[in-house]
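K.L.:
Take a look at this one; I'll ask things after.
The values are calculated or read from the model by the stated rules, or taken from the named source; none is laboratory data. Bear in mind the structure is a predicted one, so any value in this text is a computation, not a measurement. Cβ atoms come from the backbone with ideal geometry, glycine included; neighbour counts cover every protein chain shown. Areas reflect the complete protein model, heavy atoms only, side chains present, ligands, DNA and RNA absent. Shrake-Rupley method; radii C 1.70, N 1.55, O 1.52, S 1.80 Å.
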Amino acid sequence: MTTTPRLAAVCTAALLAACGGGGDSPAPVACTDLTTARMGIAGLQVARAVEVSAAGDLPAHCQVTGSLDARTGIDGKPYAIGFELRTPLPSAWNGKFFFQGGSGTNGVIVPATGNLLNAPSGTALSRGYAVVSTDGGHATGASDATFGLDPQARSDYGYNAVGRVTTVAKQIVTTRFGRGPSRSYLLGCSNGGRDAMVAASRLASQYDGFVAANPGFNLPKAAIAQAWDTQQFFSAASAPGQLPKDIFPASAMTLVAQRILARCDALDGVADGMVHDRVGCQAAFDLATDVPSCTGGPAADCLTTAQKSALERVFAGAQNGNGDSLYASWPWDAGVAGAGWRFWKLDAGFAPLPFNTLIGAGAMGYIFTSPPDAPDLSDGGLGYQLGFSMDTDAPKIFAKNATFAESAMEFMTPPQPTQLNTLKSRGKLIVVHGTGDPVFSANDTIAWYDALRSADADVASYARLFLVPGMNHCSGGPATDRFDMLAALEAWVERGSAPESVTASVNAADPDVVAAGWPATRTRPLCAYPKQAVLRPGATETEIASSFQCQ
């Protein structure tokens, strides 16, 4: 084929753009010049653009705060997509862009320093990234779900805020540095992990890689499970007025964890307080026979028949009256004794209810039901969860009408999650999930990845799953929960080094690690699923990752 001068010029321009610009790129712009007028982007209002001096671990940088698409909702309240963008000095920029995923129901702008999730130290900003975060399209506060009364606010929370902020933040970065980012990554845990999985489906052309940790990618279904759990826990009450924290005291879940370890700990070749053989453990452990049954009332060294029945139903997953599954089952794991498991499932501490009730009831009642149930939450959401029907209320996550044109399952979940063709052609996805997560079941994530593997035998070339034994929601629990997935993602995207395993260490200050008596230097390999860590034949040093292999 003959290349014309015009075609050559187009190709050269495209190559320069892909590399972040050429020799005639515009000069960097001063931070304070990043104004609404200078940017000229429809819907953008820059509230503040200031230089910030170095402090602590954060380098000197430019901080831009602003909003997009200000409007009045159908509930009469003001809405806008708030964001914060922090960029290093031009001399310190690594040429890359980092989107910091959200959490919970968002509602606040978390400082855009670049949370590296489970990395032992540092931030994306300190590593030279330009970092952005968003409030998800509503400034109602972290605990207020009433924005769900507005349909557009729902869509912004589900996916649109990430999409809009990605586009505009990159434009600001390009103006600031005179060139666009050469690489773009999105990292998040929990709802931020959901952000990553949704973006891997909807926005794969805008990113080179994603880390989705403990992702709530089926969040409306998980909210059903939270109501189900509350109902099951209350069914085991042995006295009037008991709450879940009373019905299942810490001693009860410690006993369950001990019995899980007794049956499963050594399945991976070493008794070390960790269950790496998840599949083997589910087959080996039987709550009914492996945990002592109380012959009288509740006690620290046994469970009552009612307690066992409630736990069996919780771990089997939410069901409707016909026995149809409404959410995934949960793996039996030693993490059930973790402080994080208790916080979410049984006792938030700052309030007498599980945090899954305090946050879950509002999310379900205002955001995930169509039209919104808008329940009275003056009791912390307990009454709404206890009265929630698995037969008539649960289907509301799929409902929509003329006003609420998208169902919760449409605006909250990745469209076609097992058909990631754009991601496959240009990016990578690392998914991480703790098997002791009390909010989003690791079994749900495993089921998704198994379906993705069935749909595409080449899935490991662009998406990999890593399970973290014992880890609770995003961190904590008796686990090696310190690992650097951004570094693993960079190596995969930028150097073609696909992660077969990632070395993880303990957080020596974690009360669950201290209680387990583990050494502060313990490390383990996190293996790319479906492989799992087992002790190498002949290995005798059981506290270092190199003594284990993935198989």
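K.L.:
Here are Ala266, Ala334, Ala318, Ala288: which of them is among the aliphatic types (A, V, I, L, M), over 24 Å from Ala447 (Cα atoms) and in contact with a helix residue (DSSP H, G or I) (Cβ under 9 Å, 6 or more places away or on another chain)?
P.N.:
Ala288
K.L.:
Give the number of residues within the range 385-401 that are in contact (Cβ under 8 Å) with a residue 24 or more places away in the chain and surrounded by 13 or more Cβ atoms within 10 Å (Cβ to Cβ).
P.N.:
Residues that pass the stated criteria total 10.
K.L.:
Report whether or not Ala49 is modelled with pLDDT of 95 or more, part of a strand (DSSP E or B) and open to solvent by less than 30 Å² (accessible area, probe 1.4 Å).
P.N.:
For Ala49, the condition - modelled with pLDDT of 95 or more, part of a strand (DSSP E or B) and open to solvent by less than 30 Å² (accessible area, probe 1.4 Å) - is met.
K.L.:
Give the residue, chosen from Ala520, Ala504, Ala516, that is surrounded by 19 or more Cβ atoms within 10 Å (Cβ to Cβ), more than 19 Å from Arg464 (Cα to Cα) and at pLDDT 95 or above.
P.N.:
The conditions single out Ala516.
K.L.:
Can you find, within the range 86-99, the residue that is surrounded by the most Cβ atoms within 10 Å (Cβ to Cβ) among those that are polar (S, T, N, Q) and in a loop (DSSP other than H, G, I, E, B)?
P.N.:
For the range 86-99, the residue satisfying everything is Asn94.
K.L.:
Of the numbered conditions (1) out of contact with any Ser or Thr (no Cβ under 9 Å at 6 or more places or on another chain); (2) within 30 Å of Arg183 (Cα to Cα); (3) assigned to a helix (DSSP H, G or I), Asp512 satisfies every one except a single condition; which is it?
P.N.:
Tallying (1) out of contact with any Ser or Thr (no Cβ under 9 Å at 6 or more places or on another chain); (2) within 30 Å of Arg183 (Cα to Cα); (3) assigned to a helix (DSSP H, G or I), Asp512 fails exactly one: (2).
K.L.:
Can you find even one residue in the range 120-135 that is open to solvent by 10 Å² or more (accessible area, probe 1.4 Å), touching a helix residue (DSSP H, G or I) at 6+ places or on another chain (Cβ under 7 Å), over 16 Å from Gln206 (Cβ atoms) and in contact (Cβ under 8 Å) with a residue 60 or more places away in the chain?
P.N.:
For the range 120-135, residues open to solvent by 10 Å² or more (accessible area, probe 1.4 Å), touching a helix residue (DSSP H, G or I) at 6+ places or on another chain (Cβ under 7 Å), over 16 Å from Gln206 (Cβ atoms) and in contact (Cβ under 8 Å) with a residue 60 or more places away in the chain: absent.
K.L.:
Would you call Gly102 small (Gly, Ala, Ser), part of a helix (DSSP H, G or I) and touching a residue at least 60 places away in the same chain (Cβ under 8 Å)?
P.N.:
no
K.L.:
Which condition breaks for Val439 when tested against (1) open to solvent by 10 Å² or more (accessible area, probe 1.4 Å); (2) part of a loop (DSSP other than H, G, I, E, B); (3) β-branched (Val, Ile, Thr); (4) closer than 25 Å to Pro354 by Cβ?
P.N.:
Evaluating Val439 over (1) open to solvent by 10 Å² or more (accessible area, probe 1.4 Å); (2) part of a loop (DSSP other than H, G, I, E, B); (3) β-branched (Val, Ile, Thr); (4) closer than 25 Å to Pro354 by Cβ leaves (1) as the failure.
K.L.:
Go through (1) open to solvent by less than 50 Å² (accessible area, probe 1.4 Å); (2) in contact with a strand residue (DSSP E or B) (Cβ under 7 Å, 6 or more places away or on another chain); (3) more than 26 Å from Glu51 (Cβ to Cβ); (4) not aliphatic (A, V, I, L, M) for Gly104 and report which single condition fails.
P.N.:
Every listed condition holds for Gly104 apart from (2).
K.L.:
A further question on this structure: Look through the range 172-227, keep the residues that are among the polar types (S, T, N, Q), assigned to a loop (DSSP other than H, G, I, E, B) and over 9 Å from the mean Cα position of the chain (by Cα), and return whichever of them is surrounded by the fewest Cβ atoms within 10 Å (Cβ to Cβ).
P.N.:
Checked the range 172-227; the qualifying residue surrounded by the fewest Cβ atoms within 10 Å (Cβ to Cβ) is Ser182.
K.L.:
Could you check the range 334-350 and list, in sequence order, the residues that are assigned to a loop (DSSP other than H, G, I, E, B) and over 19 Å from the mean Cα position of the chain (by Cα)?
P.N.:
Leu346, Asp347, Ala348, Gly349, Phe350
K.L.:
Any chance you could count how many residues in the range 464-498 are touching a residue at least 60 places away in the same chain (Cβ under 8 Å), open to solvent by less than 20 Å² (accessible area, probe 1.4 Å) and assigned to a strand (DSSP E or B)?
P.N.:
Going through the range 464-498 one residue at a time, the tally reaches 2.
K.L.:
Is one or more of the residues making up the range 405-425 surrounded by fewer than 14 Cβ atoms within 10 Å (Cβ to Cβ), touching a residue at least 40 places away in the same chain (Cβ under 8 Å) and over 30 Å from Leu489 (Cβ atoms)?
P.N.:
yes
K.L.:
Continuing with this model, one more query. Being in contact with a Pro (Cβ under 6 Å, 6 or more places away or on another chain) and under 27 Å from Trp448 (Cβ atoms) is the filter here, so list the residues in the range 523-544 that pass it.
P.N.:
Ala533
K.L.:
Moving on. Just need a number here: residues in the range 251-305 that are farther than 27 Å from Phe466 by Cα, open to solvent by 60 Å² or more (accessible area, probe 1.4 Å), part of a helix (DSSP H, G or I) and out of contact with any Ser or Thr (no Cβ under 9 Å at 6 or more places or on another chain).
P.N.:
1
K.L.:
Pairs needed: first member in the range 328-345, acidic (Asp, Glu); second member anywhere, open to solvent by less than 40 Å² (accessible area, probe 1.4 Å) and not in a helix (DSSP H, G or I); C-beta distance under 8 Å; at least 6 residues apart or different chains.
P.N.:
Asp333/Val275; Asp333/Thr435; Asp333/Gly436; Asp333/Pro469; Asp333/Gly470
K.L.:
A further question on this structure: Just to check your reading of the model, which residue among Ala60, Ala70, Ala80 is open to solvent by less than 40 Å² (accessible area, probe 1.4 Å), modelled with pLDDT of 95 or more and touching a strand residue (DSSP E or B) at 6+ places or on another chain (Cβ under 6 Å)?
P.N.:
Residue meeting the stated conditions: Ala80.
K.L.:
Additional query: What is the number of the single condition among (1) in a loop (DSSP other than H, G, I, E, B); (2) in contact with a Ser or Thr (Cβ under 8 Å, 6 or more places away or on another chain) that Ala161 does not meet?
P.N.:
(1)
K.L.:
Can you give me the number of residues within the range 308-321 that are open to solvent by 10 Å² or more (accessible area, probe 1.4 Å) and in a helix (DSSP H, G or I)?
P.N.:
6
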